[in-house]
Amino acid sequence: MKEKFYITTPIYYPSNKFTLGNCYTTVICDTIAKFNKKLGKDVFFLTGTDEHGQKISLSAQKAGKTEKEYLDEMIADAKKLWQMLDINYSKFIRTTDDYHEKAVQKIFNALYEKGYIYKGKYNGLYCTPCESFWTESQLVNGKCPDCGREVKVQEEEAYFFKLSQFSDKLLDLYKNNPEFLLPNSRVNEMVNNFIKPGLQDLCVSRTSVKWGVPVEFDPKHTIYVWIDALTNYITALGYGSDDPSLFEKFWPADVHIIGKEIVRFHAIIWPAMLMALDLPLPKRIFGHGWMLFGGDKLSKSKETGVKECVDPRILIPRYSADAIRYILLREIPFGSDGNYSTETFLTKFNADLCNNFGNLVSRTFSMLKKYFDGIIPSVEKYRENEINLQNKVLKEKDNVLEYMKNFDVSKAITSIFNIFSEANTYIQLAQPWAVAKQEGQEEQLKAILRTLLETIRIGVELLEPFMSESTGKVLSAFNLKTNSTFENIDNFDGLKANEKIGELSILFPRLDIAKELEELALLS
Ligand code: MSP
């Protein structure tokens, strides 16, 4: 039986159109999902939208629409965006889906029946845009620590989840499973900022919020949006429905990938809920850093004054899904924050995609055509220079496999591009054009070109989960299947000798950066 792999994105709020920041998390997950498929695993990749809560209602009202009308339009736009970005999810869950709402009610009932939920009175500080209650000590300058906006005192009858009972269990969890929450620094944040000061019971219902899932046995209460949202990871698999077969197969998740600002919900509330339900916990939670635009996160509750064009709906058709995926995957060290700027993107496009990768492929293909009529040569024996390059390629390949075990997409894609740089350096060293001019050096020329072709093949196989459009073109020109499991990535014998390679169009056309910057400024 195939090993299974279950990966999730957060479910995004469709209160605004999705940003390049949302694309970041989705692209990472899509890449990790595709990579694990190529490793031969049975992969389930979940994404979706978090559609309840006051903020969604307010956005719909502002647009002069009902919630349903508003959401359907936003979700159509989101799905189109994921298609443009070449995202292949297994399932898209909407928290307004009927099966999800029913399962949330069942889960709430179960927690109540087990005595983990009780009725009380809530008196707290609430930030409406973030849908979060805060304690006095968590506020920053008296304002919401997430978005910096005003909070207001609110009192109401409410149901509570006994989160305070889980402090020791959570501390044990982090201690006994050092891999549970990554990167490791996030564990200290949870322990020092939330658990050590003392976990309070969590208010899990609101009577003032109408747009949400009602508590089944007390319907004037609406279930707190985060309880509703977190359960998506199991309801999407059919937990709480008539057909829990996917749940039985795929739960626990191998990893929840989320932004660092929502780690506390995933590393505290979610495991506590699962423990209360007697369900297994996700194996790992990865809290990635932010992509900053002019120093800001384009955050969910704040407008920014960014003057650059950062709309993925404009950037993707103009530069390709591959190019946008590349900059998202490469530029932000995984786990830390990173800066996006149009200028860096365009510069990297020319240097890495066009020069390093694109040029290597087109140079090699044209040399093969010129010297061997496009026929892949067979080679008896490689010399030291070729073997040196081959060893470097295999070492980088090992690095890629290792980094991907820890979901470090940024280091992995850097290693893949090192393969292309090494090959370019080797061309300078091997000087095939000079060898071609020498009498009796045909075998050597064959060895050089075969090594280059095989290097490109291995690099492209590894790169396919990251950027499938350009790599697909190269694989097809090699007469190799796309989206197949990794084969022959540890040898230089993956191409059929004496076969003719196919035609290949330019992978990444060189950009005139000044002109692009000017045109993009007009579009922003
Ligand atoms: N709905 C909640 C998540 C519920 S999960 C059970 C939510 N949604 S959100 O739309 O506000 O944000 C979702 C995610 O978008 C963040 O966790 C983060 O992964 C991603 N990002 C949004 N802007 C981002 C950046 N600028 N940089 C990196 N990731 C960003 O929170």
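The values are calculated or read from the model by the stated rules, or taken from the named source; none is laboratory data. None of these values were measured; they are calculated from a predicted model. FYI the Cβ positions are ideal-geometry reconstructions off the backbone, even for glycines, and counts take in every protein chain you see.
Before moving on, here are some points about what is shown:
- Within region 255-285, the set of residues being out of contact with any helix residue (DSSP H, G or I) (no Cβ under 9 Å at 6 or more places or on another chain) and more than 8 Å from the ligand (Cβ to nearest atom) comprises 278, 283, 284.
- For region 229-254, filtering for residues that are more than 13 Å from the ligand (Cβ to nearest atom) and either within 23 Å of residue 336 (Cα to Cα) or in contact with a Ser or Thr (Cβ under 6 Å, 6 or more places away or on another chain) (or both) leaves 1.
- Hey, residue 447 over 17 Å from residue 489 (Cβ atoms) and either modelled with pLDDT of 95 or more or among the hydroxyl-bearing types (Ser, Thr, Tyr) (or both) or not: yes
- Among (1) in contact with a Phe, Trp or Tyr (Cβ under 8 Å, 6 or more places away or on another chain); (2) over 28 Å from residue 52 (Cα atoms), the one test that residue 206 misses: (2)
- Test: residue in region 86-100 that is under 26 Å from the mean Cα position of the chain (by Cα), surrounded by 21 or more Cβ atoms within 10 Å (Cβ to Cβ), farther than 22 Å from residue 216 by Cα and not small (Gly, Ala, Ser): yes
- Filter pass, residue 164 being surrounded by 12 or more Cβ atoms within 10 Å (Cβ to Cβ) and assigned to a helix (DSSP H, G or I): yes
- Qualifying residue in region 418-434 (condition: over 26 Å from residue 501 (Cα atoms), buried (at least 19 other Cβ atoms within 10 Å of the Cβ) and aliphatic (A, V, I, L, M)): no
Conditions tested, residue by residue: (1) of a type in the set (Phe, Trp, Tyr); (2) free of Cβ contacts under 8 Å to residues at least 12 places away in the same chain; (3) loosely packed, with under 14 Cβ neighbours inside 10 Å; (4) more than 18 Å from residue 272 (Cα to Cα).
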position: 130; (1), (2), (3), (4): no, no, no, yes
position: 134; (1), (2), (3), (4): yes, no, no, yes
position: 168; (1), (2), (3), (4): no, yes, yes, no
position: 187; (1), (2), (3), (4): no, no, no, no
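- Residue in region 490-500 that is crowded, with 18+ Cβ neighbours inside 10 Å, more than 25 Å from residue 373 (Cα to Cα), touching a residue at least 40 places away in the same chain (Cβ under 8 Å) and not basic (Lys, Arg) present: no
- The residues on offer are 126, 70, 116, and the sole one that is surrounded by 15 or more Cβ atoms within 10 Å (Cβ to Cβ), more than 30 Å from residue 320 (Cβ to Cβ), among the aromatic types (Phe, Trp, Tyr) and at pLDDT below 95 is 126.
- Selection status of residue 283, in contact with an Asp or Glu (Cβ under 7 Å, 6 or more places away or on another chain), at pLDDT 95 or above and either surrounded by fewer than 18 Cβ atoms within 10 Å (Cβ to Cβ) or of a type in the set (A, V, I, L, M) (or both): yes
The rows are residues; the columns are (1) within 15 Å of the ligand (Cβ to nearest atom); (2) surrounded by 19 or more Cβ atoms within 10 Å (Cβ to Cβ); (3) more than 20 Å from residue 92 (Cβ to Cβ).
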{"residue": "7", "(1), (2), (3)": "yes, yes, no"}
{"residue": "13", "(1), (2), (3)": "yes, yes, no"}
{"residue": "27", "(1), (2), (3)": "yes, yes, no"}
{"residue": "34", "(1), (2), (3)": "no, yes, no"}
{"residue": "41", "(1), (2), (3)": "no, no, yes"}
{"residue": "48", "(1), (2), (3)": "yes, yes, no"}
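- Residue selection: residue 483 satisfies the criterion of being within 33 Å of the chain's Cα centre (by Cα) and either outside any helix (DSSP H, G or I) or not hydrophobic (A, V, I, L, M, F, W, C) (or both).
- Given (1) surrounded by 15 or more Cβ atoms within 10 Å (Cβ to Cβ); (2) in contact (Cβ under 8 Å) with a residue 12 or more places away in the chain; (3) of a type outside the set (Val, Ile, Thr), number of the condition residue 149 does not satisfy: (1)
- Verdict on residue 205 being in contact (Cβ under 8 Å) with a residue 24 or more places away in the chain, buried (at least 22 other Cβ atoms within 10 Å of the Cβ) and small (Gly, Ala, Ser): yes
- Any hit, region 424-432, residues being closer than 30 Å to residue 255 by Cα and either charged (D, E, K, R) or out of contact with any Lys or Arg (no Cβ under 7 Å at 6 or more places or on another chain) (or both): no
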